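Report on one structure; see the data block that follows.
The values are calculated or read from the model by the stated rules, or taken from the named source; none is laboratory data. This structure is a prediction, so every number in the text was calculated from the model and none was measured. Glycine gets a Cβ as well: all are built from the backbone with ideal geometry, and neighbour counts include every protein chain shown. Areas reflect the complete protein model, heavy atoms only, side chains present, ligands, DNA and RNA absent. Shrake-Rupley method; radii C 1.70, N 1.55, O 1.52, S 1.80 Å.
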Number of protein chains: 2
Amino acid sequence: MDNDLIRQIRKLNQLHSYTSIQMHEAIARKAGLSGTDHKYLGFLLQKGQMTAGELSNLTGLTTGAVTGLIDRFEKKRLVKRQFAEDDRRKVIIVPNTKNIMTLLVPLYKEFRTKSEKLIASFSSKEIKIIESYFLRAIEIMIETTNKLNKK
Amino acid sequence: MDNDLIRQIRKLNQLHSYTSIQMHEAIARKAGLSGTDHKYLGFLLQKGQMTAGELSNLTGLTTGAVTGLIDRFEKKRLVKRQFAEDDRRKVIIVPNTKNIMTLLVPLYKEFRTKSEKLIASFSSKEIKIIESYFLRAIEIMIETTNKLNKK
DNA sequence: AATATTATCTTAGCAACTAAGATATTTTCT
DNA sequence: AGAAAATATCTTAGTTGCTAAGATAATATT
């Protein structure tokens with residue numbers, strides 16, 4: 001077993017994560033968002049509409065901070081507030097997918113094209129290897145995060 | 001060409017980045033650091049000692065913000081300030097590797113073990129594939145970031 | 001030797017966060 | 001049903017960490 005190689009891949013993985021944060025922040029700035037706002041906007045986009053409380057739990061922000069977050073997004077017409085029909089205390093945050101896409105897609109376009117080209121340069125057997133690595137790596141990070149947040 | 005598979009890997013890559021940010025922040029909290037402080041501490045650890053100005057350039061923070069950053073680290077005995085011998089205006093930030101390790105290693109230990117185990121579960125041919133993917137993916141992200149920061 | 005430049009620090013002001021409490025609505029208990 | 005408790009979000013006061021601009025101290029230039 002080549003320990004140097006293993007360590008090198010681990011380091012590469014770390015660099016990959018770090019570089020992705022940098023890119024994420026650069027895109028945020030161009031979109032007129034802070035790094036954290038960009039992160040949570042992606043969250044809303046991925047998960048779809050949710051209540052303010054759910055967003056608070058998912059992000060770890062206090063409810064007050066979430067109020068401010070939604071205010072900023074609403075001012076930019078990226079989401080809108082809607083009272084839940086079954087419980088009028090609840091505020092449903094409805095992402096305006098079209099506006100969000102208009103804002104972000106142009107900034108991601110080139111990156112996306114290049115990434116897909118990179119992936120396509122591998123055989124499907126090779127892609128499966130990369131996929132299985134990612135799947136397990138993600139699993140490990142989630143385990144680690146959950147353990148830390150519990151303790 | 002299987003476009004669905006390509007898109008899936010791209011999504012997986014995105015999830016990988018996102019999850020790593022979550023873990024990074026969870027570790028920061030446990031260490032009594034903010035997410036950004038953790039990031040820049042890792043930076044110092046990786047690059048070794050540097051002047052305050054270099055850290056400002058590398059992080060994109062203003063010199064004032066760097067002063068505050070070093071103050072927080074120094075209070076925790078994670079770095080110390082040292083005037084440069086050749087130019088006494090310069091402040092060299094010397095990381096206290098031992099203290100930083102004492103703080104962070106226990107939090108990363110399990111993650112590291114699991115990661116290395118995961119990597120070791122692949123053949124060296126497979127590892128080379130993963131490596132080449134990472135190398136190019138990192139390159140693409142750096143290109144994208146640089147373009148955005150220039151424009 | 002005087003002036004300009006450079007490296008860091010300080011200060012004032014701002015944005016976004018937390019903690020605690022206010023408000024409005026719903027649920028539970030008699 | 002009506003009072004009390006619980007819940008979901010918002011508001012407010014105070015804190016933190018950031019930027020921009022200017023202060024301070026050391027070095028380089030003319």
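Among the residues making up region B:136-151, a single one is within 18 Å of the chain's Cα centre (by Cα), open to solvent by 50 Å² or more (accessible area, probe 1.4 Å) and within 7 Å of chain A (Cβ to nearest Cβ): B:I142. Candidates A:H16, A:H38: the one that is over 12 Å from the mean Cα position of the chain (by Cα) and under 19 Å from B:Q14 (Cα atoms) is A:H16. Please tell me if A:K47 is open to solvent by 70 Å² or more (accessible area, probe 1.4 Å) and modelled with pLDDT of 95 or more. Criteria not met by A:K47. Evaluation of B:L69 against the conditions (1) more than 17 Å from B:N96 (Cα to Cα); (2) open to solvent by less than 40 Å² (accessible area, probe 1.4 Å) shows that the sole unmet condition is (1). A single member of B:S56, B:S17 is within 16 Å of DNA strand D (Cβ to nearest atom) and small (G, A, S), and it is B:S56. Among the candidates B:T51, B:T36, the residue that is more than 10 Å from chain A (Cβ to nearest Cβ), over 20 Å from A:I138 (Cα atoms) and among the hydroxyl-bearing types (S, T, Y) is uniquely B:T51. When A:T36, A:T102, A:T97, A:T113 are checked against the criterion of being polar (S, T, N, Q) and within 14 Å of DNA strand D (Cβ to nearest atom), a single residue qualifies: A:T36.
Table: residues versus (1) away from DNA strand C (no atom under 11 Å from the Cβ); (2) aromatic (F, W, Y).
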position	(1), (2)
B:M23	yes, no
B:A28	yes, no
B:L33	yes, no
B:K47	yes, no
B:G68	no, no
B:K76	yes, no
B:F83	no, yes
B:R89	no, no
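For A:E131, state whether it is within 9 Å of chain B (Cβ to nearest Cβ), farther than 25 Å from A:Q22 by Cβ and among the charged types (D, E, K, R). Spelling it out, it is not the case that A:E131 is within 9 Å of chain B (Cβ to nearest Cβ), farther than 25 Å from A:Q22 by Cβ and among the charged types (D, E, K, R). Among the residues of region A:97-110, those that are open to solvent by 60 Å² or more (accessible area, probe 1.4 Å) and within 16 Å of A:Q49 (Cβ to Cβ) comprise A:T97, A:K98, A:M101.
Checked against (1) open to solvent by 70 Å² or more (accessible area, probe 1.4 Å); (2) under 18 Å from A:Q22 (Cβ atoms), B:R77 passes all but condition (2).
Within region B:65-106, the set of residues being in contact (Cβ under 8 Å) with a residue 60 or more places away in the chain and over 16 Å from B:L45 (Cα atoms) is empty. Put simply, of A:R29, A:R7 the only residue that is away from DNA strand D (no atom under 14 Å from the Cβ), facing chain B (nearest Cβ under 8 Å) and modelled with pLDDT under 95 is A:R7.
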